[in-house]
Amino acid sequence: MEEDKPSTTVAEPSVAAVPIAPVRPPIPRPPAPQNGEARASTSDSDSDSAGPPRATGVSGAEYEISEESRVVRERQEKAIQELLMKRRASALAVPTNDMAVRARLRRLGEPITLFGEREMERRDRLRMIMARLDSQGELEKLLKVHEEEEAAASAALEDGDDQMVQYPFYTEGSKALLNARIDIAKYSIKKAASRLERARRKKDDPDEDMDAELDWALRQASSLELDCSEIGDDRPLSGCSFSHDGKLLATCAISGVAKLWSMPEAKKFATLKGHTERLTDVQFSPVHNLVATASADRTAKLWNTEGSQLVTFKGHLDRLARIAFHPSGKYLGTTSFDKTWRLWDVETSEELLLQEGHSRSVYGIAFHPDGSLVASSGLDALARVWDLRTGRSILALEGHVKKVLALSFSANGYYLASGGEDNTCRIWDLRKKKSIYIIPAHSNLISQVKFEPQEGYFLVTASYDLTTKIWSARDFKPVRTLSGHEAKVTSLDIAGDGHQIATVSHDRTIKLWSSSTNEKDQAMDVD
């Protein structure tokens, strides 16, 4: 019996020691992620017993997590350093002349050009190199380069033979551009005076009921029905345009071929072949029976209605997007993915203006009815309004959150509609210099917007959601939805009298929508 009791007493401490061992591991430092505390826990574990090395292993697993966080932190610090370097680079003085940029790169021991590098890209590379040298504390190298450039400049001035050319900060325009600006100013003054006089007469004339006339136009628009559907090409269609008298319709396709159709029976009578790449847009002249086409082959071409090519406009460095005639018919505007839009003389095919201003590709273009202004839009979600008489950018219209693809001025002279990839159509008031309406128009991107050409009584939008919609210009509420295409609607145009709308689509069809009332053949009352 006495031998059994000691055995029980020996078992009791062993049983009591079992719960003590698990009590201590919870007390160690699993929640301590810091390096100092982790080191303290490892030192305590070394002095206590051999069990905590397991905790050290567990803490080792925690160190793996902290290692990931350290990598993330280093990545963030690197991004911050790159951002600071870019800011420092933007503050450094970099020459604007390409020859000076090359000379400085040579003095810095860098390649003066890279394969496929353009002037602006070369200048940005020099700025980043200078910022990197500045951040690395190699200011002496930069100062030495500056001293060499100044010494070379002074030596050239002393010799008197090879003087350095003083480049202006702007690009001097040609004499042809000056004459074009003067001509546009004279034209726009007459057009603006005529438009304002007509508006005053309508306002003061008791016989003129503008609300009744607007209601009549909206009734006509609401009664539009599908009148004709015709296969336009073997490939998807990308653009369409009515002639100024509404008797002809021009279409273009990604096959690189444009076609002319007689209205209203939609019979093809001419084919325009000459481009080597797909066509992106087509437009009729507002004055003459001339057709302009834009293509991905970086050129625009001018044709007559017999299908003969008259002029080729060359100069863009990338594919063209949209094209538009000035209201006078003397000038042509083109937009391109080279981040510029250009103004051309129709008669001489001379490039009058190369205009930058967008940070990304320029897509949409539209001329004011008076001819004084032009609006451009780009893939930078920005629309700009330019004064053609002075060349200045007078408005930057910010509001779209995605690419702006289409623009249209209203005949009233102060409304501008824009549509883009954010599925909305915005109405800008040029008098207030801001957006006054935001129309959640479609469920997909808006490919084209057009105001009714005579008075701007309604607005039409085309979308990749397979529909075309008509909106009242009074309150921009929906009037009619034109459904019938089986693929993306890429473009639209409105006939001069507002009674017929043409739409083209990726389903390769041309659809004509006409008024079904008895007033179909009547023209709108215009002074």
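At-a-glance table
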| item | result |
| --- | --- |
| All strands (runs of 3 or more DSSP E) inside region 200-262 with 1 or more residues being farther than 28 Å from residue 325 by Cβ and open to solvent by 30 Å² or more (accessible area, probe 1.4 Å) | 224-231 |
| Qualifying residues in region 402-416 (those that are within 13 Å of residue 373 (Cβ to Cβ) and in a loop (DSSP other than H, G, I, E, B)) - the one most open to solvent (accessible area, probe 1.4 Å) | 414 |
| Meets criteria (of a type in the set (Asp, Glu) and either touching a helix residue (DSSP H, G or I) at 6+ places or on another chain (Cβ under 9 Å) or more than 25 Å from residue 487 (Cβ to Cβ) (or both)) for residue 429 | yes |
| Any hit, region 400-418, residues being among the basic types (Lys, Arg) and more than 30 Å from residue 212 (Cα to Cα) | yes |
| Members of region 370-383 that are surrounded by 23 or more Cβ atoms within 10 Å (Cβ to Cβ) and under 19 Å from the mean Cα position of the chain (by Cα) | 374, 375, 376, 377, 378, 383 |
| Sole residue being out of contact with any Phe, Trp or Tyr (no Cβ under 9 Å at 6 or more places or on another chain) and either basic (Lys, Arg) or not assigned by the TED database to the domain that holds residue 377 (or both), chosen from 434, 402 | 402 |
| Strands (runs of 3 or more DSSP E) contained in region 444-501 and holding at least 1 residues over 27 Å from the mean Cα position of the chain (by Cα) | 478-483 |
| Conditions (1) open to solvent by less than 10 Å² (accessible area, probe 1.4 Å); (2) in contact with a Leu (Cβ under 8 Å, 6 or more places away or on another chain): number failed by residue 456 | (2) |
| Residue in region 263-284 that is nearest to residue 406 (Cα to Cα), counting only those that are outside any loop (DSSP other than H, G, I, E, B) and open to solvent by 30 Å² or more (accessible area, probe 1.4 Å) | 283 |
| Condition check for residue 109: at pLDDT 70 or above, under 28 Å from the mean Cα position of the chain (by Cα) and outside any helix (DSSP H, G or I) | no |
| Meets criteria (crowded, with 20+ Cβ neighbours inside 10 Å and over 16 Å from the mean Cα position of the chain (by Cα)) for residue 292 | yes |
| Pair list, Cβ < 6 Å and 6+ apart or interchain, from region 96-124 residues that are within 19 Å of residue 148 (Cβ to Cβ) and open to solvent by 70 Å² or more (accessible area, probe 1.4 Å) to residues that are part of a helix (DSSP H, G or I) and not hydroxyl-bearing (Ser, Thr, Tyr) | 107/145; 107/148 |
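Let's see how each residue does on (1) under 12 Å from the mean Cα position of the chain (by Cα); (2) at pLDDT 95 or above; (3) open to solvent by 30 Å² or more (accessible area, probe 1.4 Å); (4) basic (Lys, Arg):
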site: 344; (1), (2), (3), (4): no, yes, no, no
site: 347; (1), (2), (3), (4): no, no, yes, no
site: 353; (1), (2), (3), (4): no, no, no, no
site: 360; (1), (2), (3), (4): yes, no, yes, yes
site: 363; (1), (2), (3), (4): yes, yes, yes, no
site: 368; (1), (2), (3), (4): no, yes, no, no
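The values are calculated or read from the model by the stated rules, or taken from the named source; none is laboratory data. Just so it is clear, the model here is predicted, and its values are computed rather than measured. Cβ sites come from the backbone with ideal geometry, for glycine too, and all protein chains shown count toward neighbours. The accessibility values were calculated without ligands, DNA or RNA, using every heavy atom of the protein model including side chains. Shrake-Rupley method; radii C 1.70, N 1.55, O 1.52, S 1.80 Å.
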